[in-house]
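Only one structure is covered here, and it is reproduced in the block below.
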Amino acid sequence: ILGPYDGERIRALKDEVDGNLYVSGSGTLVRAMLADGLVDELHLFVYPVALSAGERLFVDGGGTTKFTLAQSEPYENGVVHLAYRPTR
């Protein structure tokens, strides 16, 4: 609906919307939003599997954002849900 990525348009949309905006499954979009300071909370699901290949969420040279753990929840299958908020 918004078209190509526009950090300022997303910032304005956050001010317009009564509620939360969610992004699911787009590492490229999440990296851009982190770089523009648009992420209020980051939810990660950590699976107990080590892969030797695949796309990385955080790439080298992508800048630094410090986070504070806001919530964690382990599941019976070994997955852990971690919720972080950027440290400001």
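The values are calculated or read from the model by the stated rules, or taken from the named source; none is laboratory data. Note that this is a predicted model, so its numbers are computed, not measured. Every residue, glycine as well, gets a Cβ built from its backbone with ideal geometry; the counts of neighbours run over all protein chains shown.
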*Among Ala35, Ala70, which is in contact with a Lys or Arg (Cβ under 7 Å, 6 or more places away or on another chain) and either at pLDDT below 90 or small (Gly, Ala, Ser) (or both)?*
Ala70
*Collect the residues in segment 60-88 that are hydrophobic (A, V, I, L, M, F, W, C) and over 16 Å from Leu38 (Cα atoms), keeping them in residue-number order.*
Leu69, Ala70, Val79, Val80, Leu82
_I'm trying to understand the selection: among the residues of segment 20-62, which are without any contact (Cβ under 8 Å) to a residue 24 or more places away in the chain, over 22 Å from Gly7 (Cα atoms) and of a type in the set (A, V, I, L, M, F, W, C)?_
Val49, Ala50, Leu51, Ala53
